[in-house]
1. Got a number for residues in the range 83-134 being surrounded by fewer than 17 Cβ atoms within 10 Å (Cβ to Cβ), free of Cβ contacts under 8 Å to residues at least 24 places away in the same chain and under 30 Å from Lys66 (Cβ atoms)?
2. Going through the range 12-47 one residue at a time, which ones are within 18 Å of the chain's Cα centre (by Cα), of a type in the set (Val, Ile, Thr) and more than 30 Å from Pro123 (Cα to Cα)?
3. Tell me which residues, restricted to the range 83-107, are at pLDDT 95 or above, of a type in the set (Lys, Arg) and out of contact with any strand residue (DSSP E or B) (no Cβ under 7 Å at 6 or more places or on another chain).
4. Give the residues of the range 54-72 that are in contact (Cβ under 8 Å) with a residue 60 or more places away in the chain and surrounded by 12 or more Cβ atoms within 10 Å (Cβ to Cβ), sorted by residue number.
5. Of all residues in the range 103-122 being polar (S, T, N, Q) and assigned to a strand (DSSP E or B), which is nearest to the chain's Cα centre (by Cα)?
6. Give the residues of the range 1-13 that are free of Cβ contacts under 8 Å to residues at least 60 places away in the same chain and either in a helix (DSSP H, G or I) or surrounded by 15 or more Cβ atoms within 10 Å (Cβ to Cβ) (or both), sorted by residue number.
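The values are calculated or read from the model by the stated rules, or taken from the named source; none is laboratory data. From a predicted model like this one, the values you see are computed outputs, not experimental measurements. As a convention, Cβ positions derive from the backbone with ideal geometry for all residues, glycine included, and neighbour counts pool all protein chains shown.
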Amino acid sequence: MISHLTKFRVRYSETDQMGYVYYGNYAQYFEVGRVEWLRNLGISYKTMEDEGIMLPVIKLQINYLKPAKYDNLLTLKTTLVKKPGVRIQFSYELYNEQKDLLVTGDTELVFIDIAKNKPTKTPTLLSQKIEMLF
């Protein structure tokens, strides 16, 4: 499995009246983790889109263990679950500065050929980079 760590601070606008991160924002955090995971491999979402590939989420699961709070410095561990085919799966672990596990989750995405609007195999460059790491 290939993992990448992303650090970020909770902004005030991401919290509810109690100062806790609003539950819907964790899906956005997971997106940041995926984008940075790809960027760490030398690939960007923008490049994939420019080359005719979209990557929509088809499954999202989030497990809330403890709340993240305003101004917390968080570390998101994003892990590729297995080698991708037409679909790619990630798992997530979100920690605070005290190393408390706050949230876990999983996503599944599908590679879509924009021109055909149909599922397609993993882009060659991404497959090659992943293959080198396994």
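1. 3
2. Of everything in the range 12-47, just one residue is within 18 Å of the chain's Cα centre (by Cα), of a type in the set (Val, Ile, Thr) and more than 30 Å from Pro123 (Cα to Cα), namely Val21.
3. Lys99
4. Met54, Tyr70, Asn72, listed by residue number.
5. Let us first name the residues in the range 103-122 that are polar (S, T, N, Q), namely 104, 107, 117, 120, 122.
Okay, now just the ones that are also assigned to a strand (DSSP E or B), so 104, 107.
Numbers: Thr104: 12, Thr107: 8 Å.
Checking each candidate, the answer is Thr107.
6. Tyr12, Ser13, listed by residue number.
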